[in-house]
Amino acid sequence: MTQSDGSSFAEQLIDTALQAGAEAAEVFAVHSINRPVLFEANVLKQIETRDSAGTSLRLWVEGRPGLAVTYGKMEPIRLVETAIALSQLNEPEQIELTAIPPEIVSGQYGEPVEVRQLIHWGEKALSGLLATDPKKDLQCVLELDTETSTTAMLNSKGLACRYTSHMNSVYGSAEWVRGEDFLCVEAEQTRHTTLDIAEFVESIAARLRWAKSRSTPPIGRMPILFAGKAADLLWTTVEAALSSKRVIENASPWSDRLCEPVVSPLLTLLQDPHIGPFGCPFDDEGISTRRVEFIREGELQLFYTDRTTGRQLGCGSTGNGFRPGLERYPSPGLFNLMVLPGDDSFEALVAEIQDGLIVDQFLGDSGSISGDFAISVDLGYRVKKGKIVGRVKDTLVSGNVYDALNQVIALGNDAAWHGSCYTPSILVDGLSVTA
């Protein structure tokens, strides 16, 4: 480990903390470089480089934890003194540090790309989108980025591990205004390696085609097909219900449902640190991550835990102790949630609907831990007799996530990463639509 990745500074912090009277100390450091390329109003507008680095020191004095963060250069003694001063404000706790290094003490994920490649991809995407617009009034925004981030952990028990992740992404929107009608279609793609620009363009182009015609929204209880990114509404609630912290607080409806069916047997949900752009070899407590099935064919297998909640529940950590920010302590969190896809194409799912709705984009927040929700459809399509007949406006979908997930009709074979969730389209019943 070299000075450039912050490890020498981290070692100095550990040594200085112990010399200053700390019983134990831990350093967590993150360094990231982003090179975003922005296209706006159909032209290349901006190229940037963003370089950020932060170091978090956590120590214990007489069992009292103290945490201090620096985002720039600072003398080790100053950061240590700050952490010690803050420790006096906290109650003593059990000191838990990873003593045995994880199986992977270093690793590298993905491949970086040059800025000129991002520009080429952006020009190719822009050209493809504009070619779908015979009226020549489409306005496109594209942001492509290549990010290299290095995460390192050291502690006073000898742990020393790190990994570097290269992530390439594209986000885009295409919009037009025609009289009083406004349409905005969005898509994203994130990968460790080469982006599939043709696939990205087609995801937007297909939605533009579906939205050409207008339709009245259906009313009543009916099948709802959630496209991939809209399905996040469902999985956000599931993620909360699977949290060990919620279980300990008795806030999860699944707290006493281990080894019982909780959703449709069509659903299997898991995490796998070796799959997808958000994988990582260890969590923010230095514990090796691993493949875990949380729900297998509808049956609840496990909650995700960090070290503390795993000890309280008596099951140990699942490698899911993550920091919401450098200034925060680790808590249970998911680094990638994967919903295993089904066998049906998106077109086959649509063909199953006699009268229903496709939700593609929605406005507002996702559902709560209770599962109840009422969302405004930002982009949705009416389906009649297995055909998309047009875009709907001023439409509200409401119901309960848990009820819907127990009435799954089918899953698509079109799983993709939307944020840190890998999900297919999902066709459910039991939800209501109002205008």
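The values are calculated or read from the model by the stated rules, or taken from the named source; none is laboratory data. It should be emphasised that the depicted structure is a prediction, and the values quoted were computed from it without experimental measurement. Note that each Cβ is placed from the backbone with ideal geometry, even for glycine, and that neighbours are counted across all protein chains shown. Just so you know, the surface numbers come from the protein's heavy atoms only, side chains and all, with ligands and any DNA or RNA stripped out. Shrake-Rupley method; radii C 1.70, N 1.55, O 1.52, S 1.80 Å.
So the values come out like this:
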{"item": "Rounded, prolate or oblate (a/c below 1.5 giving rounded, otherwise prolate when a/b exceeds b/c) for the range 349-427 by Cα gyration tensor", "result": "rounded"}
{"item": "Average Cα contact separation per residue, the range 262-413, under 8 Å, 6 or more apart, as relative contact order %", "result": "21"}
{"item": "Per residue solvent-accessible surface (Å²) - the range 98-239, probe of 1.4 Å", "result": "45"}
{"item": "Heavy atoms of Asp51 accessible to a 1.4 Å probe, total area in Å² rounded to 10", "result": "100"}
{"item": "Inter-part distance where the range 166-221 and the range 382-435 are each reduced to a Cα centre, Å", "result": "16"}
{"item": "Cut-off 17 Å (backbone N to label point 7 Å along Cα→Cβ of Gln361), residues of the range 104-126", "result": "126"}
{"item": "Length-normalised contact order for the chain - Cα pairs under 8 Å, 6+ apart - percent", "result": "15"}
{"item": "Candidates Gly279, Gly386, Gly412: whichever shows maximal mean-square fluctuation once the chain is modelled as a Gaussian network with Cα springs under 10 Å", "result": "Gly386"}
{"item": "Of Ala211, Ala351, Ala25, the one that fluctuates the most in a GNM where the chain has Cα springs shorter than 10 Å", "result": "Ala351"}
{"item": "Accessible area in square angstrom per residue, the range 374-435, 1.4 angstrom probe", "result": "35"}
{"item": "Spacing of the two label points (7 Å from each Cα toward its C-beta) at Ser149 and Asn400, in nm", "result": "3.6"}
{"item": "Cβ charges +1 (Lys, Arg) and -1 (Asp, Glu), total dipole of the chain, debye", "result": "800"}
{"item": "Three-way shape label, the chain, alpha-carbon gyration tensor, a/c 1.5", "result": "oblate"}
{"item": "Tilt relative to the chain, helix 76-87 - C-alpha long axis, 0 to 90 degrees, to 10", "result": "80"}
{"item": "Nearest 10 degrees, 0 to 90: helix 115-130 Cα axis against the chain principal axis", "result": "20"}
{"item": "Exposure of His166 as accessible area (Å², to 10), given a probe of 1.4 Å and all protein chains", "result": "20"}
{"item": "Farthest toward positive dipole pole in the range 249-289 [+1 Lys/Arg, -1 Asp/Glu at C-beta], among Pro265, Cys280, Pro253", "result": "Pro265"}
{"item": "Heavy-atom surface of the range 1-83, accessible at 1.4 Å and reported per residue (Å²)", "result": "49"}
{"item": "Centroid-to-centroid separation of the range 223-243 and the range 304-373 [C-alpha atoms, Å]", "result": "7"}
{"item": "Accessible-area composition of the chain, carbon plus sulfur, in percent [1.4 Å probe]", "result": "48"}
{"item": "Calculated over the range 76-195: convex hull of Cα atoms, volume per residue (Å³)", "result": "218"}
